[in-house]
Amino acid sequence: MKTQISRLIAVGFIALVAFYLSAGVVFHFVWKRELEACRAVRQARGEFVEPEMFGGVIGFVFDVTYWPTYMWANLYHSGTPFSTPCTPKRAS
């Protein structure tokens, strides 16, 4: 009985971690797509587009790990979960 409960808790924890990480992967790719579209628009307008600071593997790890924080900050400041420099800021 005790091993069944501990196995159930372990499976539940693994499922929770898998959901968290899969949501982070989806967040990363959607946000990356939005950022690339914004960069293309800004370059077409002749604006300076800053280089990507944390790209590649380290950017992926940050996005997958901290996606709830990024999403909350984007919602708070812009009203959208995938805010970019092209997104109009929310009126205060």
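Read-outs throughout are calculated quantities, based only on the coordinates presented, and are distinct from any laboratory measurement. Please read these numbers as outputs of a predicted model, since none were measured by experiment. Positions of Cβ are generated from backbone atoms using ideal geometry, with glycine treated the same way; all protein chains shown enter the neighbour counts.
Return yes when Ala23 is without any contact (Cβ under 8 Å) to a residue 12 or more places away in the chain and assigned to a helix (DSSP H, G or I) and no when it is not. Let's see the steps before the verdict.
Numbers: without any contact (Cβ under 8 Å) to a residue 12 or more places away in the chain: no; assigned to a helix (DSSP H, G or I): yes.
No, not satisfied.
Pairs under 7 Å by beta carbon, first residue loosely packed, with under 13 Cβ neighbours inside 10 Å in the range 78-90, partner part of a loop (DSSP other than H, G, I, E, B) and not basic (Lys, Arg), six or more apart or different chains? Pairs that qualify, where the first residue is loosely packed, with under 13 Cβ neighbours inside 10 Å and the partner is part of a loop (DSSP other than H, G, I, E, B) and not basic (Lys, Arg), are Arg90/Gly79.
One residue alone among Val61, Val30 is farther than 18 Å from Thr87 by Cα and under 14 Å from the mean Cα position of the chain (by Cα), and that residue is Val61. For the structure I just gave you, tell me whether Phe54 is assigned to a helix (DSSP H, G or I) and touching a helix residue (DSSP H, G or I) at 6+ places or on another chain (Cβ under 8 Å). Answer is no for this residue. Residues in the range 30-55 that are aromatic (Phe, Trp, Tyr) and exposed (fewer than 13 other Cβ atoms within 10 Å of the Cβ): Phe48, Phe54.
Out of everything in the range 26-52 that is β-branched (Val, Ile, Thr) and in contact (Cβ under 8 Å) with a residue 12 or more places away in the chain, what residue ends up being nearest to Ser78 (Cα to Cα)?
Start the filter on the range 26-52 by keeping residues that are β-branched (Val, Ile, Thr), which leaves 26, 30, 41, 49.
After this cut, where a residue has to be in contact (Cβ under 8 Å) with a residue 12 or more places away in the chain as well, the list is 30, 41.
Values: Val30: 16, Val41: 19 Å.
This residue is Val30.
When the range 16-36 is filtered for residues that are under 18 Å from Met71 (Cβ atoms) and of a type in the set (Gly, Ala, Ser), the ones remaining, listed by number, are Ser22, Ala23, Gly24.
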